[in-house]
Amino acid sequence: MNDATHPSLLLDQQLCFALYAASRSMTAAYRPLLDELGLTYPQYLTMLVLWEQDGLTVRELGQRLQLDSGTLTPLLKRLQQAALISRERRRSDEREVEICLTPEGRALREPAKAVPACMASRLCLSHEDMQRLRDELKQLAAQLSPPQAWLPPRTQT
């Protein structure tokens, strides 16, 4: 067998590619449901966090979503322009910006309740299988963090 056909270098043998393709497919499956809510997938995830705990700082929200402020700030600006959130400096510490749901943002929670059930139906997985898969993916993500810890040393060329 030559190096060009070595099994470890075949695209379809790569776990990373399977995860990448599944992630893209999952996001695409959400798109029509979220279009009805006027949200993108990252905006939906942001709203999920805020429906769970309103009044987080940008830093806290970024930690929950695993996003840096450079990615999160434009997303929050669009949600604010859509009148779903407000962004205000905290009175206790003006260095921190607090993100709060507006009445419109809170009201969007009700129609959004249908999204998980629609996705569960689309996935054709039992509740137990979905929980198991989610838990395995969370475990995989935890094992890969922080990413620098497992990198092999660079070789000199």
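Miscellaneous remarks
- Wholly enclosed helices (runs of 4 or more DSSP H) of the stretch 45-134 bearing at least 1 residues at pLDDT below 95 and within 18 Å of the chain's Cα centre (by Cα): 58-65, 69-81, 114-123
- Being farther than 26 Å from LEU56 by Cα and in contact (Cβ under 8 Å) with a residue 40 or more places away in the chain is a description that does not apply to MET130.
- Test: residue in the stretch 104-124 that is more than 25 Å from LEU39 (Cα to Cα), surrounded by 10 or more Cβ atoms within 10 Å (Cβ to Cβ) and among the acidic types (Asp, Glu): no
- Candidate set: the stretch 2-17, residues that are assigned to a helix (DSSP H, G or I) and surrounded by 10 or more Cβ atoms within 10 Å (Cβ to Cβ); chosen: the one modelled with the highest pLDDT: PHE17
- Candidate set: the stretch 37-91, residues that are of a type in the set (D, E, K, R) and within 20 Å of ARG109 (Cα to Cα); chosen: the one surrounded by the fewest Cβ atoms within 10 Å (Cβ to Cβ): GLU52
- Some residue of the stretch 18-27 being part of a helix (DSSP H, G or I), free of Cβ contacts under 8 Å to residues at least 40 places away in the same chain and over 21 Å from the mean Cα position of the chain (by Cα): no
The values are calculated or read from the model by the stated rules, or taken from the named source; none is laboratory data. Here the structure is a predicted model, which is why all the values come from computation and not from measurement. Quick reminder, even Gly has a Cβ in these numbers, built from the backbone with ideal geometry, and neighbours come from all protein chains shown.
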